[in-house]
Amino acid sequence: MQETNDPEKSQNQEIEEDGIEASKAPLLDHLTELRQRLIYAIVAFFAMFVLCFAFAKQIYNILLWPFVSVVGAENAKAIYTHLLEKFFVDIKVAMFGAAFLSFPIVALQIYKFIAPGLYKNEKAAFRPYIIASPLLFFFGAAMVYFVAMPFLVQFSVGFEQEAIPGQAEIILLPKVSEYLSLVMTLTFGFGICFQLPVVLTLLARAGFVNAKKLRKFRKFAVVAISLAAAILTPPDIISMVIMAVPTYLLFEASIFVVARVEQRQAEREKG
């Protein structure tokens, strides 16, 4: 059989091949851009890690302030029980500090990667969340530092026992590693929970939720927030309550913000 030359078929094949090649180029460009942004984020984290490791002792003393403020500097003692424990604690402190200090740079790299794919109005709508997210995280960390940790220390100190005839002395001597783990757990837990307004308003803008649905969800929100607080905090009721109460208040604030977003969208549609 003789093959027939079909000019239209050949032209369609060439167009298809050109389309495949054209799609490869943007994909490679995106991968190159992603690699560059990842490099910037990793370099920022590593630079902050080196800086924080150099000042790990000072940073840990800052983290100890809630404990020292309750028991007094003259009575404040922390212990470590194996040879390299304090060294590994300093590494964790450096990583903890680096995550905090490099977060704005990492968030900026994420925004710069996705910004070219957004319309001008989408960029304008997205920028407030880039600012609000770290602010809410830092606000959650401040709640841990100034409210949750002093309250937990005060509660724990209440179980100390004085040395009297026939009775042993029992005092609070936290391990440096366990104290740091508690601070980190609470900080990240509060920071994540305090992102609730950002998440809900983004979902509202995308049309997945509205203020009416959120109001109906209140009863379930109490249960969900309590479960999240129980998972993200140490196994004690005090920590759970300290996290759950402000998180629920943020949920109520989110309903108000979502209602405002809906109102503005309705005004734009009318205008």
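The values are calculated or read from the model by the stated rules, or taken from the named source; none is laboratory data. On a predicted model such as this, the values are computed, not experimentally measured, just so you know. Every residue, glycine among them, receives a Cβ derived from its backbone with ideal geometry; neighbour counts consider all protein chains shown.
Tabulated values for the structure
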item: Pair list, Cβ < 6 Å and 6+ apart or interchain, from region 155-171 residues that are aromatic (F, W, Y) to residues that are at pLDDT below 90; result: F155/I238
item: Some residue of region 245-252 being surrounded by fewer than 15 Cβ atoms within 10 Å (Cβ to Cβ), modelled with pLDDT under 85 and not charged (D, E, K, R); result: no
item: Matching residues, region 154-175, being surrounded by 13 or more Cβ atoms within 10 Å (Cβ to Cβ) and in contact with a strand residue (DSSP E or B) (Cβ under 7 Å, 6 or more places away or on another chain); result: K175
item: Any helices (runs of 4 or more DSSP H) falling wholly within region 178-269 and containing at least 2 residues that are under 30 Å from S156 (Cβ atoms) and touching a residue at least 24 places away in the same chain (Cβ under 8 Å); result: 218-232
item: Residue under evaluation K270, criteria (1) at pLDDT below 85; (2) under 26 Å from the mean Cα position of the chain (by Cα); (3) not polar (S, T, N, Q), criterion not met; result: (2)
item: Boolean, F151 is surrounded by 13 or more Cβ atoms within 10 Å (Cβ to Cβ), out of contact with any helix residue (DSSP H, G or I) (no Cβ under 8 Å at 6 or more places or on another chain) and either of a type in the set (D, E) or closer than 27 Å to F190 by Cα (or both); result: no
item: For F139: the one exception among (1) over 17 Å from the mean Cα position of the chain (by Cα); (2) in a helix (DSSP H, G or I); result: (1)
item: Search result, residues across region 253-271 that are polar (S, T, N, Q) and crowded, with 16+ Cβ neighbours inside 10 Å; result: S254
